[in-house]
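Engineer: If you scroll down you'll find the structure; I have some questions about it.
Coordinate-derived values only; no laboratory data. In this text, all values refer to a predicted model and were calculated from it rather than measured experimentally. Using ideal geometry, Cβ is built from the backbone for each residue, glycine included, and neighbour counts are taken over all protein chains shown.
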Number of protein chains: 2
Amino acid sequence: MVTDDPALRPLAGLRVLEFASFVAGPSGGMTLGQLGADVIRLDPIGGAADYGRWPLSQRTGRSLYWTALNKGKRSISIDVRSAEGRELIVALATAPGPDAGIVVDNNVGRSWLSYEALSKRRADLIQVHIDGYADGRAAVDYTVNPDVGVANMTGPADSAAPVNHVLPAWDLLAGMTATTGLLAALHRRARTGEGAFLRIALADVAYASVANLGWLAEADELGTARPRHGNHVYGSFGVDFETSDQARVMVVALTVRHWDALRTVTDTGKVFDALEETLGADFRAEADRYRYREIITATLRPWFAARPFAEVDRVLSEAGVLYSRFRTVHEVVTAYRAEGGPEILGEVDQPGIGPVLSARSPLRAGAEYGEYATAPDLGEHTDEVLAQVLGLADTELGRLHDAGVIAGSARSH
Amino acid sequence: MVTDDPALRPLAGLRVLEFASFVAGPSGGMTLGQLGADVIRLDPIGGAADYGRWPLSQRTGRSLYWTALNKGKRSISIDVRSAEGRELIVALATAPGPDAGIVVDNNVGRSWLSYEALSKRRADLIQVHIDGYADGRAAVDYTVNPDVGVANMTGPADSAAPVNHVLPAWDLLAGMTATTGLLAALHRRARTGEGAFLRIALADVAYASVANLGWLAEADELGTARPRHGNHVYGSFGVDFETSDQARVMVVALTVRHWDALRTVTDTGKVFDALEETLGADFRAEADRYRYREIITATLRPWFAARPFAEVDRVLSEAGVLYSRFRTVHEVVTAYRAEGGPEILGEVDQPGIGPVLSARSPLRAGAEYGEYATAPDLGEHTDEVLAQVLGLADTELGRLHDAGVIAGSARSH
């Protein structure tokens, strides 16, 4: 279901210059593009450090990561070390127009690209800068996560070592924090004419999150950290069970309704009544479900162990129990190939790779999803953008190519 | 450093009605509040299902989670089952003004609060609705994560069971996706006068993310899923090491500069040169650092095992190696108490609890952070909001209280 509902492209006409790499900035830029903005990703000639990031396509060696995170953008390649290249970039960043003058970057130590420098050329510039730590120290998702305490509370209770996450959650969250801040600043600029220099540190996104969940305040009160407790959900009931055919399901009872459904469907009501009486507990209260999670889990386990997943799936679904199956990403793909869902996924023909499984935006207008997009070749739009935004003529573009100041791609010629 | 820079409150004047619970909607609303918006959280009388969510304060029993996720908002309590209560809510949602008519919700099955119903009262309404699955099936963060394949690729290689995350990453990301969509729709409404009904499914946020990292396309090409591989960083070099005093550090070498620094500081250059020659490998290429991660890790491990953390910390820091220490959330708190950092954290006097460790927004204006905030009591602003937005007189408010249609808090009287 593809639609041209303009509500799906609310940022149509907006131009954003993105000079960032890896996940945070690029995922934010990709999101703005999905909302209709013209996002121009700037790379040094040859590409930034993320250009060959894994996973790579087995077919052509192109990065499946880069093409996925930069889809729907225009790509320009400019020599960022040359004075002429830098002047082009500054001119692009500060080009006039109410829908321009917006920069997202994660560069370190490039004073010519600082807000101080750029805002001299365009006073109402909006620049969103992403750092590692707020004090400028370097950090990446995989170093921030252990630092803020999450890795130490993740994994099996009997695990000797902390478990770092594989999902770059802080990067993704920082990217959407950047888009939120950028659009808020744009709202203000439209009213007051004033620009903004917004800075976001990846580590701050993580510190704020663990504080916003109450975890720091809790550790402060308790004088100790919450221990690892495997797949149990903290403060309520939720854990994984294995079925007779070795499938694994995550079952969660956050509310009384969930709990009642789980008791009923597993026919464990009498046992839990007796346990509640004996223990002086009330399993309708989630605190007690958490306190007695081990005995609740042990009571429920035989029901799951006695049934194949197909039966567990059918019965839990009918009963309104909150659960899901643990799948691998390959099982997600297999299900997509077999059933064609979920609807957010689809195959696109990615130039430089071929057909790849991709996703469109999770932001729907009513029931309607937006369109799929593919990634540009590196430098595919260098000439187009410089001509369009800065008015450079073909002769001038030719000279800049010859001088090695700018580069295109095979597709741009 | 608290500042009154108006760039920190770009959404000042905007009014948002939030009728959501748990993490996604409330964290999004909190973010809008930190950016200056007047966010009114609506609860049923007695509070929504998240009102008593763990962690709870040992001092007073109040939820550290709820107060952290709802700070900076105004709270109103209305009987959502009564016709009169519903009419008040609809009137609040659709009250006039260019800076109003914005609703965030995650309700299921309340047709009186549907976009269809509300937009009849205010045609340019912006409503952002958060679902579990796009087809309306229920899901929570802890069920979505196993479903999209992340739990199965997380944890030690020898772990029999998948590791579900403890961080509600999808909720947090959905919350910021909601704020991004909301502000994009507001941008469009300011230009065209048109409202929007945006829907976001928690599961879609997760499906899109694993696609956007290239993970689905990779599994599709390989015909299999990436296996668990502990704390190794996929496609590059990064892993944890234990020091002589049992501290643990995460060390990452994403770039050649990182790798050179790590070789040099650990005095392993000759060994790696010999290994590269013998293996026909080039560890300056991150693909080879990943392929030979076990032997690289084994080569580096003795250096870490021979030194206490204080020395490792000093030496790696001076050499520009990218690393961090695994800490517990309690160690984050202890460091804050000892050193007063990071600057994003601070203690606030939370009514109903007392002093609690809290965070302000990670969005800074230049170097400046915004202000700290505390959470309201449930219903603290019921009368104030109904008087201010709907013009209800004291006698009418009294009647609604007596009829049990609205409720206040001790502090609101």
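Engineer: Would you mind working out the magnitude of the charge dipole of region B:276-413 relative to its Cα centre, with +1 at each Lys and Arg C-beta and -1 at each Asp and Glu C-beta, to the nearest 20 Debye?
Structural biologist: 660 debye
Engineer: Also, I was wondering about something else. For A:Pro308, which inter-copy label distances result when the label point lies 7 Å beyond Cα on the Cα-to-Cβ vector, reported in nm to one decimal and in ascending order?
Structural biologist: Shortest to longest, the spacings are 6.1 nm.
Engineer: By counting other Cβ atoms within 10 Å of each Cβ, how are A:Ile130, A:Ile76 ranked from fewest to most?
Structural biologist: Listed from fewest to most nearby Cβ atoms, that is A:Ile130, A:Ile76.
Engineer: Shifting gears a bit: Give a residue-ordered list of calculated ³J(HN,Hα) values for region A:281-288 (Karplus: 6.51 cos²θ - 1.76 cosθ + 1.60, θ = phi - 60°; whole Hz; x for Gly, Pro).
Structural biologist: The phi angles translate into 10, 10, 6, 6, 8, 5, 4, 6 Hz.
Engineer: Right, something else. So which residue, out of B:Leu17, B:Leu316, B:Leu69, gets the largest mean-square fluctuation from a GNM of chain B using Cα contacts under 10 Å as springs?
Structural biologist: In the Gaussian network model the winner is B:Leu316.
Engineer: Still on this structure: Can you figure out the FRET efficiency of B:Arg110 with A:Leu390, using R₀ = 45 Å and their beta-carbon distance, to the nearest 0.05?
Structural biologist: 0.30
Engineer: Quick check on the exposure proxy: order B:Arg364, B:Arg301 from fewest to most C-beta atoms within 10 angstrom.
Structural biologist: B:Arg301, B:Arg364
Engineer: Can you list residues whose amide H is under 5 Å from A:Leu322's amide H, if they're 5+ apart or on another chain and H is modeled 1.01 Å from N?
Structural biologist: Sorted by chain and number, the residues that satisfy this are A:Val252.
Engineer: Round to the nearest 0.05 the FRET efficiency obtained for B:Glu347 and B:Ala117 when R0 = 41 Å and r is the Cβ-Cβ distance.
Structural biologist: In this case the efficiency is close to 0.40.
Engineer: With +1 on each Lys and Arg Cβ and -1 on each Asp and Glu Cβ, how big is the dipole of region B:248-325 about its Cα centre, in debye rounded to the nearest 20?
Structural biologist: Its charge dipole is roughly 320 debye.
Engineer: So what are the ³J(HN,Hα) numbers for region B:322-333, from phi and the Karplus equation (6.51, -1.76, 1.60; θ = phi - 60°), rounded to whole Hz, Gly and Pro as x?
Structural biologist: Along region B:322-333, the couplings run 8, 7, 8, 8, 6, 10, 8, 4, 5, 5, 4, 5 Hz.
Engineer: Also, I was wondering about something else. Scan around A:Val39 for amide H atoms under 5 Å from its own, H built in the peptide plane at 1.01 Å from N, and keep only partners 5 or more places away or cross-chain.
Structural biologist: Close amide H contacts, sequence-distant or interchain: A:Val16, A:Arg74.
Engineer: Starting from a label point 7 Å past Cα on the Cβ side, list the distances from B:Ala190 to the same position in the other copies, nm, shortest first.
Structural biologist: Relative to the other copies, B:Ala190 has label-point distances of 0.4 nm.
Engineer: Positive end of the charge dipole of chain B (Lys, Arg +1 and Asp, Glu -1 on Cβ, about the Cα centre): tell me which of B:Ile406, B:Pro302, B:Leu198 has its Cα farthest that way.
Structural biologist: Among B:Ile406, B:Pro302, B:Leu198, the one farthest towards the positive end of the dipole of chain B is B:Ile406.
Engineer: Thinking of chain B as a set of Cα atoms, what percent of all their pairs are more than 26 Å apart?
Structural biologist: 64 percent
Engineer: Also: From a point 7 Å beyond the Cα of A:Arg411 in the direction of its Cβ, which residues of region A:23-57 have a backbone N at a distance under 14 Å?
Structural biologist: Inside the label zone: A:41.
Engineer: Given H placed on each backbone N at 1.01 Å, which residues far from A:Thr268 in sequence or on other chains put an amide H within less than 5 Å of it?
Structural biologist: Amide H neighbours of A:Thr268, under 5 Å, 5+ apart: none.
Engineer: Using Cα pairs closer than 8 Å and at least 6 residues apart in sequence, work out the relative contact order for region A:263-387, in percent.
Structural biologist: Result for region A:263-387 is 12 percent.
Engineer: Would you mind calculating the relative contact order of region A:248-325 from Cα pairs under 8 angstrom and at least 6 residues apart, reporting the percent as a whole number?
Structural biologist: Taking the mean separation of contacting Cα pairs over the length of region A:248-325, I get 53 percent.
Engineer: Report the label-to-label distance for B:Ala338 and A:Leu279 in nanometres (one decimal), using points 7 Å from each Cα along the Cα→Cβ vector.
Structural biologist: 3.8 nm
Engineer: How many angstrom lie between the Cα centre of region A:173-195 and the Cα centre of region B:217-269?
Structural biologist: Between the Cα centres of region A:173-195 and region B:217-269 lies a distance of 35 Å.
Engineer: Inter-copy label distances at A:Asp158, 7 Å along the Cα→beta-carbon direction, one decimal in nm, shortest first?
Structural biologist: A:Asp158 label point versus its equivalents elsewhere: 1.3 nm.
Engineer: Another one. Residues of region A:261-294 with the amide nitrogen closer than 15 Å to a label point 7 Å from the Cα of B:Thr60, along Cα-to-Cβ, please.
Structural biologist: none
Engineer: Only helical DSSP H runs with n ≥ 4 go in: add -39500 (n - 2.57) per run for chain B, normalise by residue count and round the 222 nm mean residue ellipticity to 500 deg cm²/dmol.
Structural biologist: Helix contribution divided over all residues of chain B: -12000 deg cm²/dmol.
Engineer: So, one more: Which whole number gives the average, over all residues in A:168-175, of C-beta atoms from other chains lying within 10 Å of the residue C-beta?
Structural biologist: 5
Engineer: Percent relative contact order of chain B, based on C-alpha pairs within less than 8 angstrom and at least six residues apart?
Structural biologist: Relative contact order of chain B: 19 percent.
Engineer: What ranking do B:331-337, B:31-37, B:181-187, B:386-392 get when scored by the average of other Cβ atoms within 10 Å per residue, highest first?
Structural biologist: Taking the mean over residues of other Cβ atoms within 10 Å, the ranking is B:181-187, B:31-37, B:331-337, B:386-392.
Engineer: Using θ = phi - 60° and the Karplus relation 6.51 cos²θ - 1.76 cosθ + 1.60, list the HN-Hα couplings for region A:246-260 in order, rounded to whole Hz, with x at every Gly or Pro.
Structural biologist: Going residue by residue, I get 6, 6, 10, 10, 9, 10, 10, 10, 7, 10, 4, 5, 4, 5, 4 Hz, with x marking Gly and Pro.
Engineer: Label region B:248-325 by shape, choosing from rounded, prolate and oblate, from the square roots a ≥ b ≥ c of the eigenvalues of the Cα gyration tensor; if a/c is under 1.5 it is rounded, and otherwise prolate applies when a/b is larger than b/c, oblate when it is not.
Structural biologist: prolate
Engineer: Taking the number of other C-beta atoms within 10 Å as the exposure measure, put B:Lys73, A:Lys270, B:Lys120 in order starting with the fewest.
Structural biologist: Ascending Cβ contact count within 10 Å gives the list A:Lys270, B:Lys120, B:Lys73.
Engineer: Put a dot 7 Å past each Cα toward the Cβ at B:Ala287 and A:Ala306; how far apart are the dots in nm?
Structural biologist: Result for the modelled spin labels: 5.3 nm.
Engineer: Which of these, B:Pro308, B:Pro146, B:Pro96, has the largest mean-square fluctuation under a Gaussian network model of chain B (Cα springs below 10 Å)?
Structural biologist: B:Pro308
Engineer: Size of the dipole of the protein assembly as shown about the Cα centre, Lys and Arg at +1 and Asp and Glu at -1 on the beta carbon, nothing else charged, in debye to 20?
Structural biologist: I would put it at about 260 debye.
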